[in-house]
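A.B. asks: Below you will find the structure I want to go over with you.
The numbers here are math on the coordinates, done by the rules we state, and not lab data. Keep in mind the model is a prediction, meaning the values are calculated, not measured. Cβ placement follows ideal geometry from the backbone for every residue including glycine, while neighbour counts extend to all protein chains displayed.
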Amino acid sequence: MVLEQATHYEAVIGLEVHVELNTNTKMFCSCAIDFGGEPNTRTCPVCLGQPGSLPVVNGKAVEAAIRLGLALGCDITPVSQFHRKNYFYPDMPKNYQISQYDVPICLGGALTVTTGEGDHRVGITRVHMEEDTGKSLHVGTSGRIHGAEYSLVDYNRAGIPLLEIVSEPDIRTAAQAQAYLAELRAIVLALGISDARLEEGSMRCDANVSLRPVGHTVFGTRAEVKNMNSIRSLGRAIEYEIARQTDLLTHGHRVVQETRHWDEDAGRTSTLRTKETTEDYRYFPDPDLVPVAPDAGWIEKLRAALPELPAAKRRRLVDDVGVGREQAATLVAIGLDGVLEDAVGAGAAAGEAANWLTNEVVAWGNEQDLEPSAAPLTGARLAELLALVSDGTLSKKLARQVLTGVLAGEGSPREVTKARGLEQISDSDAIAAAVDAAIVADPAAAQKVRDGNDKAIGALVGAVMRETRGQANPGLVNQLLRERLLSS
Amino acid sequence: MSLSTDDVRHVARLARLALTDDEVEALGGQLSNILAYAEKVGEVAAEDVPPTSHPYPLRNVYRTDEARASLPPEDAISTAPQAEDGRFHVPRIVGEEA
Amino acid sequence: MGELLVTKTAAGLRNLLDAGDVSAVEVAQAHLDHIEATDDQLKAFLVVMRESALTKAREVDARIADGAGAGLLAGIPVALKDIFTTRAVPTTCGSKILEGYRPPYDATVTSRLDAADAVLLGKTNMDEFAMGSSGENSAYQLTTNPWDLERVPGGSSSGSGAAVAGFQTPLAVGTDTGGSVRQPAAFSGVVGAKPTYGRVSRYGMIAFASSLDQASPFARTVTDAAWMLEAIAGHDPMDSTSIPEPFPNLREGLEAGVGGMRIGVVREFFESEGLEPGVRDRTQEAIQRLSKLGAQIVEVSLPHAVYGVSAYYLIAPSECSSNLSRFDGVRYGLRVDADSAEEMMAATREAGFGAEVKRRIMIGTYALSAGYYDAYYAQAQRVRTLILRDFAAAFEQCDALISPTAPTTAFRFGDKSDDPLAMYLNDIFTIPASLAGTPAMSLPAGLDEKGLPVGVQVMGPVLGEQVMFRVARALEAEIAFDPTPRGPNALELG
């Protein structure tokens, strides 16, 4: 009975995503945005909340908000306002956050996300502008807020512009949530308005998760889950939360409305604060700021100048360039679609080039702990590398070594091949001695091949390749071995 | 509108004021009187009257995105009641268990 | 020479300085000496900046000697309400919570006065965070009224008004949120002029009610007030609510008179309960004088003005409850130690704020809280719209409005301090123009039967400072008020 009930719940998930903009200056003052650096060196009377200081809106941040809104298919609000969200917290210099409330700059858009189960539409409720808070360093035994003896506050981050993107509760699975976040991130990157790094907090995602019996339209009680630092951890946190709530409901318990903290190491969520202690924010229009009323001309100019967005790019890669659907999605997600197109333009085969980018370059990124898009590889060089493979100069294995050299800044594929002495040996005379030696060294294998066991030839090929430090053309080695063992 | 002692305490908590019992007592009456007078705003101005938040209606006041010098670091924390390593000191923050 | 110099107006000092009859140092010295002689009784100043004033005066003298052009205010002493930030100079806003606070920056008003080569004498006392109508809410000292030392100077710009009335300075800057310059000007027999909201930058002016606060000059003459306003007004990119249009030259047409102008008398203000006969009589006389000078007097109505005080006492506390949140013991000012951040903040604010400030924070917090916003704050903002429309309609019928500034003359210390509401009602005539954001000024209209100054208020339309000053100047010339405090309890000028 209990289990049967459990299988009938569905998850209702909405995401709130914060994106830190990469403007030159903060949202309301002219302090430079520059990460790292000594504490409180990127501060001024405004972002320190000094008495008498006043905010002035960064026009570039408004532009970024409008561009994101347009990319998400939102309506741009003719007249929107900044509100104050009042609550006391030491990392908030004024003890209110300037945000937007009932009239945000963008309303009502949508994103279509693709998972293994197909396409799914997720509504966007709103996009609004606000300012970031400072950062507290908790001093004491644990280094965490709980149990700290005291805290030290750095306001360098205070006032950095944020866009908050709120989705409709249209998401049903962890995979959809991950796809949504990945797609939103790709759009933000395409627009160039943020570096959108989840690991470093320039993109942050909170998930509202609730369950309801399948077929019901009323929402269940939700928990807000915070502190997911990657797309992967968003998926894990939602899976965990669905399981936790399913367990509660199937055992006749209730879900408590609260904010929960995702612990990546422990792989679970725990209570951060319950609704009883949440604040009454006393929103009201900020009297220090005037309405944002972008005129239609500006909006249309921004619309016309939007870059090609990820969905359109993927479509074009598949339809016009000839890349597979999955590879197209990966290339766009990791920002290597431009390199691919350049490579194809320089004569590379689309599928082959895509393979190299999605396998080798991604692996390089993992090794270097860098975004794949940070790879110093042009489309022209990738095309050159592939040409060296197809004309027999390099084996695939050697080509990988050459790519490593190219990515390490050693030059073009041709230069690296030469400098490292990696040309494939395709001269039968040069390989003949090694072939003969291999047959002599492993008579058993040679006999098996003679007896018709074709697989046994692998051991002999391997021996030749070892002997030639991988440079022998494997096709030629194969051919010479067969000539010697089978043709007599 | 009459404010109970509990109302006053609730508002004082929102406003971060550690009021004394005497103050809570006195404020209950005073706030009730003032709000009773202020409530006269309800006698006029129907829903169709738009609210005015700025007497002089400006719109679209923006700054160019050009950085200017921040405060010298010693100035930034010069006003701090207590500082350590260039940061503002606060006693332990409770209420959240992150 | 010293006593003579302090009785001069800014315009009079300008003539002496330009003619080389007197140096800026002598002018500064005379005023500093006079402050020293009188401030034990007046208690107008929280900080006297003797050294920096004399240094500035020497610079100005050198510049004048070099033949480098000197601006209107060059070498003229000014005093600043302690609500304006002054870099590295104590700025308390009249509150214990900012005791010892030395701001890391100058307010725009501060730097504009400095750029105009005015000589800053010091920072003046005020009701804590500009909340009050008597000056009695200062956390530091009680400024007295130079006309009667047992009476209040008015507030919240108590020190700035008293300093000008007591000849400690020819010019001072105050701030007017609901009458905080006009009412003390009326109580002390000087001129106080609030421009259109947005004319003077609020950057560096510690916020009380952001949508109402306006820096405003005090002077002993209308002309001096015009000079000062010109020096501090004008667009400031650091204040988003600053009006981009250039500020007009007020001296032009100042003496043009009121012939042919239509002056509106606000009917409701004369029907007000609590309007003292002396105030009513002096105001009526002023109206007759304008008529005699060739103005046409018309009766106008501001039907929603009676709701002004109600709306004001929701809007101003709501904004202040949020504006004053930043005083929490973390970044500046007082800190009362406690075990946790939350307790530290609450204890600091409890100890650092006075009774009136706490009262307004409480009203505002309540008015903005869940479930009450629509009935209180939003509704008050709608009433504000009606008052704005009232003014717009009135200014279709006339060029300027005239009314009493305050219903009473200066009252005795303690008379109203037990009844917050009675105190609030002293702002009944000044609040409507604050809510409408329109310019309004007070000038002395004579004395009441107690020998205390009465102020009359002249109001202009939005951006109509030129018209307002012209009417005020014509009236001033006709009234010919002697600003020297006199009477049995008056300040002894020495």
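A.B. asks: If we count other beta carbons within 10 Å of each Cβ, what is the order of A:Val440, B:Val24, C:Val258, fewest first? All intermediate terms of the calculation are to be shown ahead of the outcome.
C.D. replies: Values: A:Val440 9, B:Val24 19, C:Val258 25.
The most exposed by this proxy come first: A:Val440, B:Val24, C:Val258.
A.B. asks: If you don't mind, there's one more thing I want to ask. How do A:Trp298, C:Trp147 rank when sorted from fewest to most other Cβ atoms within 10 Å of their own Cβ? Don't skip to the answer; put the middle values down first.
C.D. replies: Values: A:Trp298 14, C:Trp147 28.
Least to most surrounded, the residues fall as A:Trp298, C:Trp147.
A.B. asks: Continuing with the same structure: Averaging the inverse of every distinct alpha carbon separation and then flipping it gives the Kirkwood radius. What is it for the stretch C:141-227, in angstrom units?
C.D. replies: Values: mean 1/r = 0.0791 Å⁻¹.
Value: 12.6 Å, from the Cα pair sum.
A.B. asks: Could I ask something else about it? Rg(Cα) of the stretch A:84-167 divided by 2.2 N^0.38 Å?
C.D. replies: 1.52
A.B. asks: Under 5 Å between amide H atoms, partner at least 5 residues away or on a different chain: which partners does A:Ile425 have, H built in plane at 1.01 Å?
C.D. replies: A:Ala472, A:Asn473
A.B. asks: Among residues other than B:Glu25 whose Cβ falls under 13 Å from its Cβ, what is the net charge (Lys/Arg +1, Asp/Glu -1)?
C.D. replies: -4
A.B. asks: Work from the charge dipole of the protein assembly as shown (Cβ charges, +1 for Lys and Arg, -1 for Asp and Glu, about the Cα centre) and give the residue of C:Val119, C:Ile402, C:Ile315 farthest towards its positive end.
C.D. replies: C:Ile315
A.B. asks: To the nearest 0.05, what FRET efficiency results for C:Arg251 and C:Ala19 with a Förster distance of 22 Å applied to their C-beta separation? Each step should come with its number before you reach the end.
C.D. replies: Working: r = 19 Å, r/R0 = 0.87.
Efficiency computed from Cβ-Cβ geometry: 0.70.
A.B. asks: Take the alpha-carbon centre of the stretch A:432-488, take the same for the stretch C:461-494, and report the distance between them in whole Å.
C.D. replies: 114 Å
A.B. asks: Between the alpha-carbon centers of the stretch A:111-126 and the stretch C:352-413, tell me the distance in whole angstrom.
C.D. replies: After rounding, the separation between the Cα centres reads 50 Å.
A.B. asks: Taking R0 as 30 Å, what FRET efficiency do you get between C:Arg87 and A:Asn24 from their Cβ-Cβ distance, rounded to the nearest 0.05? Before the final figure, lay out the partial values.
C.D. replies: Details: r = 26 Å, r/R0 = 0.87.
Working from the Cβ atoms, E equals 0.70.
A.B. asks: Using modelled backbone amide H atoms (1.01 Å from N, in-plane), which distant-in-sequence or interchain residues come within less than 5 Å of C:Lys416's amide H?
C.D. replies: When sequence neighbours closer than 5 places are left aside, there are no close amide H contacts.
A.B. asks: Right, something else. Could you go through the stretch C:14-20 in sequence order and give the Karplus-derived ³J(HN,Hα) for each residue, using 6.51 cos²θ - 1.76 cosθ + 1.60 with θ = phi - 60°, rounded to whole Hz, and x for Gly and Pro?
C.D. replies: Ordered by residue, 3J(HN,Hα) equals 4, 4, 5, 5, 5, 7, x Hz.
A.B. asks: Let me make sure I get this right: for chain C, a, b and c are the square roots of the gyration tensor eigenvalues over alpha carbons, sorted descending. Under 1.5 in a/c it's rounded, otherwise prolate if a/b > b/c, else oblate. Which is it? Write out the running numbers ahead of the final one.
C.D. replies: On the way: a/c = 1.45, a/b = 1.04, b/c = 1.40.
Rounded, since a/c falls under 1.5.
A.B. asks: Taking only the alpha carbons of chain A, what extent do you get along each of the three principal axes, in Å, biggest first?
C.D. replies: Rounded to whole Å, the extents work out to 94, 60, 51 Å.
A.B. asks: Distance in nm between label sites at A:Asp34 and A:Thr115, each 7 Å beyond Cα in the beta-carbon direction?
C.D. replies: Reported label-point gap for A:Asp34 and A:Thr115 is 4.4 nm.
A.B. asks: Here is a further query. Alpha carbon centre of the stretch A:18-75 versus the stretch A:256-272: separation in Å?
C.D. replies: Between the Cα centres of the stretch A:18-75 and the stretch A:256-272 lies a distance of 30 Å.
A.B. asks: While we're on this one: Can you give the FRET efficiency to the nearest 0.05 for B:Ser32 and C:Ala393, using r as the Cβ-Cβ distance and R₀ = 45 Å?
C.D. replies: Working: r = 35 Å, r/R0 = 0.78.
After rounding, the FRET efficiency stands at 0.80.
A.B. asks: Using θ = phi - 60° and the Karplus curve 6.51 cos²θ - 1.76 cosθ + 1.60, what whole-Hz ³J(HN,Hα) does each residue of the stretch A:375-390 get, with Gly and Pro shown as x?
C.D. replies: The phi angles translate into 5, x, 10, 9, x, 4, 5, 4, 4, 5, 4, 5, 5, 5, 6, 6 Hz.
A.B. asks: Next up: Taking a Cβ-Cβ separation under 4.7 Å as the criterion for a possible partner, which cysteines of the protein assembly as shown have none?
C.D. replies: So, A:Cys29, A:Cys31, A:Cys44, A:Cys47, A:Cys205, C:Cys93, C:Cys320, C:Cys398.
A.B. asks: Of C:Lys8/C:Lys123; B:Lys40/C:Lys450; A:Lys26/C:Lys43; C:Lys8/C:Lys416; A:Lys418/A:Lys455, which sit over 31 Å apart, Cα to Cα? Don't jump to the answer; show the numbers that get you there.
C.D. replies: Details: C:Lys8/C:Lys123 21 Å; B:Lys40/C:Lys450 35 Å; A:Lys26/C:Lys43 43 Å; C:Lys8/C:Lys416 35 Å; A:Lys418/A:Lys455 34 Å.
Distance filter (> 31 Å) returns B:Lys40/C:Lys450; A:Lys26/C:Lys43; C:Lys8/C:Lys416; A:Lys418/A:Lys455.
A.B. asks: Could you work out, for the stretch C:401-494, what percent of all Cα-Cα pairs fall into each 5 Å distance bin, beginning at 0 Å and stopping at the bin that holds the largest distance?
C.D. replies: Reading upward from the zero bin: 2, 12, 19, 19, 18, 15, 9, 4, 0.
A.B. asks: Now for a separate question. One quarter of the convex hull surface, Cα atoms only: what value does that give for the stretch B:8-72 in nm²?
C.D. replies: Values: hull surface 39.4 nm².
Its average projected convex-hull area is 9.8 nm².
A.B. asks: Return the Cα extents of the stretch A:301-387 along principal axes one, two and three, sorted largest first, each rounded to a whole Å.
C.D. replies: That works out to 39, 29, 22 Å along the principal axes.
A.B. asks: Kindly put C:His34, A:His261, A:His8 in sequence by how many other C-beta atoms sit within 10 Å of each C-beta, fewest to most. Numbers along the way, then the final one.
C.D. replies: Numbers: C:His34 24, A:His261 17, A:His8 13.
Starting with the residue having the fewest Cβ neighbours, the order is A:His8, A:His261, C:His34.
A.B. asks: Taking a quarter of the surface of the Cα convex hull of the stretch A:173-299, what do you get in nm²?
C.D. replies: Details: hull surface 47.2 nm².
Average of the hull's projected areas for the stretch A:173-299 equals 11.8 nm².
A.B. asks: Also, quick follow-up: Compare the Cα positions of A:Ala333, A:Ala363, A:Leu317 along the charge dipole of the stretch A:306-379 (+1 at Cβ of Lys, Arg; -1 at Cβ of Asp, Glu; about the Cα centre) and return the one farthest towards the positive end.
C.D. replies: The one lying farthest along the dipole's positive direction is A:Leu317.
A.B. asks: Compute the Kirkwood hydrodynamic radius of the stretch A:428-486, taking the inverse of the mean of 1/r over all pairs of distinct Cα atoms, and give it in Å to one decimal. Kindly include the intermediate steps, with their values, before the conclusion.
C.D. replies: Values: mean 1/r = 0.0913 Å⁻¹.
Mean inverse Cα-Cα distance, inverted, gives 11.0 Å.
A.B. asks: Still on this structure: Note the full-extension length gain between A:Glu149 and A:Asp436 as 0.36 nm times their separation in residues minus their Cα-Cα distance, in nm to one decimal. Walk me through the numbers on the way to the answer.
C.D. replies: On the way: separation 287, 0.36 × 287 = 103.32 nm, distance 7.57 nm.
Between A:Glu149 and A:Asp436, full extension yields 95.7 nm more.
A.B. asks: If I model a spin label at A:Asn453 and A:Asp265 as a point 7 Å from the Cα along the Cα→Cβ vector, what separation in nanometres do I get?
C.D. replies: 5.2 nm
A.B. asks: What's the Kirkwood radius of the protein assembly as shown in Å, using all Cα pairs? Show your work: numbers first, answer last.
C.D. replies: Numbers: mean 1/r = 0.0301 Å⁻¹.
Here the Kirkwood hydrodynamic radius works out to 33.2 Å.
A.B. asks: Let me make sure I get this right: for the stretch C:2-256, a, b and c are the square roots of the gyration tensor eigenvalues over alpha carbons, sorted descending. Under 1.5 in a/c it's rounded, otherwise prolate if a/b > b/c, else oblate. Which is it? Working shown, then result.
C.D. replies: Values: a/c = 1.38, a/b = 1.15, b/c = 1.20.
Taking the square roots of the gyration eigenvalues as a ≥ b ≥ c, the stretch C:2-256 is rounded.
A.B. asks: Take every DSSP beta bridge whose two residues both sit in the stretch C:2-256, then give the antiparallel share in percent to the nearest 5.
C.D. replies: Working: 15 of 23 bridges.
Rounded to the nearest five, the antiparallel share is 65 percent.
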